[in-house]
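Undergrad: Just passing along the structure, written as structure tokens.
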Amino acid sequence: MRQKLATASLLLLLVGTVPAVVAPQTLWDSTGECGERPLIDKTSGSRIVGGHDAEVGAWPWSVSLQIHHVGAKFAHICGGTLVSENSVVTAGHCTTGRKDPYFWRAVLGTHNLWKHGKHAARRSIRSIIVHPEFDRETFENDIALFHLNSAVRYSYYIQPICLPSAHLYLYIGQETECFISGWGRIAEKGKTPSVLQEAQVEIIPHSACNNSDAYGGMINNNMICAGSPLGGIDSCQVRINTMPNVPPLSQSLRGIAMHL
């Protein structure tokens, strides 16, 4: 499990039922719900076992969090998840040494990092809140919230994900469908792909993740571990979010990949 799908921050999604396809239109007729993927059909949508390019619109809550370097363009640093029209959740370790929101921006509704397209939205960051008890050694509470400078408008390409209840962990089992997505490297020393990546992973028991040849006891009861028992695809050390109830038959965020 040490061979990672990505070294950047990935999003862990445990999926119920994917909504039916909706024909593209100019305007988005919002129902006020979350976890919707209007461009993806429930029978032909993303059900990927190995990691590779996602379909356009497969993960409309995916956000590229980028930082501006002096004398250079913005560069992708971490993936994030849109949870409301002006809030993005990401891993706390992404902000280490760079907590000034002035240098950050969020790119939403994009599939390709280098070709944003007309459906993309860019927002500067108003503030960054890192969990006050984030531990850089154990990666406990590895979570941060980015407040956008202005709200985004939901569309077929930009949607918020649902957030689960505080007691979700009791209902997660090895049969739960779980996906990871992001722009992280697809090899440990590889280049960052320009197109959004996705993969389906399995929930791995703590006993397996905490073996000496895996994570050596680092996975505690506040985390879940997901990946492939055969290696090559994983997203371990995931912090559980404790937020409002998840509507039925929708997709929801279960964790943020913490240290990949």
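Undergrad: Return 73, 115 ranked ascending by Cβ neighbour count within 10 Å, so the fewest neighbours appear first. Mind showing how you got there, number by number?
TA: Details: 73 7, 115 10.
Least crowded to most crowded, the residues run 73, 115.
Undergrad: Using a 10 Å cut-off around each Cβ, can you sort 212, 181 from fewest to most neighbouring Cβ atoms?
TA: Working: 212 7, 181 26.
Ascending number of Cβ neighbours within 10 Å: 212, 181.
Undergrad: Subtract the Cα-Cα distance of residue 177 and residue 211 from 0.36 nm times their separation in residues, and report this length gain in nm to one decimal. Intermediate values should be presented prior to the final figure.
TA: Numbers: separation 34, 0.36 × 34 = 12.24 nm, distance 2.36 nm.
Full extension of this stretch gives 9.9 nm more.
Undergrad: Right, something else. Length gain on complete extension for the stretch residue 194 to residue 221, per 0.36 nm per residue less the alpha carbon to alpha carbon distance? Walk me through the numbers before you get to the answer.
TA: Details: separation 27, 0.36 × 27 = 9.72 nm, distance 3.47 nm.
Difference between extended and current length: 6.2 nm.
Read-outs throughout are calculated quantities, based only on the coordinates presented, and are distinct from any laboratory measurement. In this text, all values refer to a predicted model and were calculated from it rather than measured experimentally. Because the Cβ atoms are built from the backbone with ideal geometry, glycine has one as well, and the counts that use them run over all protein chains shown.
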